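Okay, handing you the structure first.
Just so it is clear, none of the values below were taken in a lab; they were calculated from the coordinates. Just so it is clear, the model here is predicted, and its values are computed rather than measured.
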Amino acid sequence: MMKKSCLLPVCFLFLFLTISSVLADERPKTTVNNFYGWYMENYDVYRDVFLQQKENFDPELYKLLIKAFPLEPGSGFWLDFDPFINSQMGAKSYSISKEKMGDTKSSVVVNITNSRGGKKSVTVILKKIDGKWKISNFVYPEFELLSFLKKNIK
């Protein structure tokens, strides 16, 4: 009888460690999919509630976006497009198409259909920070966001 009662806590410990391991090994595309799911729910107010995404972003990019979002045309520089979809039009839908996995850096291609039916792709760059994949840049066909923000935000 004593052996069965000891076995139960061991089973729970094993289950907890297994679940923790699986969650810690979350793939980059999972982080990106979770972010864009949040974005689609908040597309019209994302700048106001961006604080909710702090844990999913590399601190450097997060700080630059927080500085850029409140800037207006009269301030010299302003972010006059949506950096998550590289458009001035809202997004209608998105899909994840490709994931390139590395040990500490990865990329995920996101296909976006805007509200007028146009299609674009954005490559999301992620870094592994403290065991978690965090969004560190958005790359568009013409330029990439991190350098653009660094150059223009003083």
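Quick one: what are the phi-derived ³J(HN,Hα) couplings along the range 90-104, Karplus 6.51/-1.76/1.60 with θ = phi - 60°, whole Hz, x for glycine and proline?
x, 8, 9, 7, 8, 8, 8, 10, 9, 10, 10, 9, x, 6, 10
Residue by residue through the range 105-110, which ³J(HN,Hα) values in whole Hz follow from phi under the Karplus form 6.51 cos²θ - 1.76 cosθ + 1.60 (θ = phi - 60°), with glycine and proline marked x?
9, 9, 9, 9, 8, 10
Which value, in Å to one decimal place, does the Kirkwood hydrodynamic radius take for the range 23-129 when every pair of different Cα atoms is included?
One over the average 1/r among Cα pairs gives 14.8 Å for the range 23-129.
Follow-up. Under the 0.36 nm per residue contour assumption, what length would be gained going from the current alpha-carbon distance of residue 77 and residue 41 to full extension?
Stretched out fully, the residue 77 to residue 41 stretch lengthens by 10.2 nm.
Let me ask something additional. Amide H neighbours of residue 129 under 5 Å, counting only residues 5+ apart in sequence or on other chains, H built in-plane at 1.01 Å?
Answer set, sorted by chain and number: 134.
Leaving out same-chain residues fewer than 8 places away, which lysines sit with a Cα under 16 Å from that of residue 120?
92, 98
List the aspartates and glutamates whose Cα lies under 14 Å from the Cα of residue 132, skipping any in the same chain that are fewer than 8 positions away.
Cross-link targets: 25, 26, 55, 58, 103.
Mind jotting down the distance between the C-alpha centroids of the range 94-154 and the range 43-84, whole Å?
Using only Cα atoms to place each centre, the spacing works out to 15 Å.
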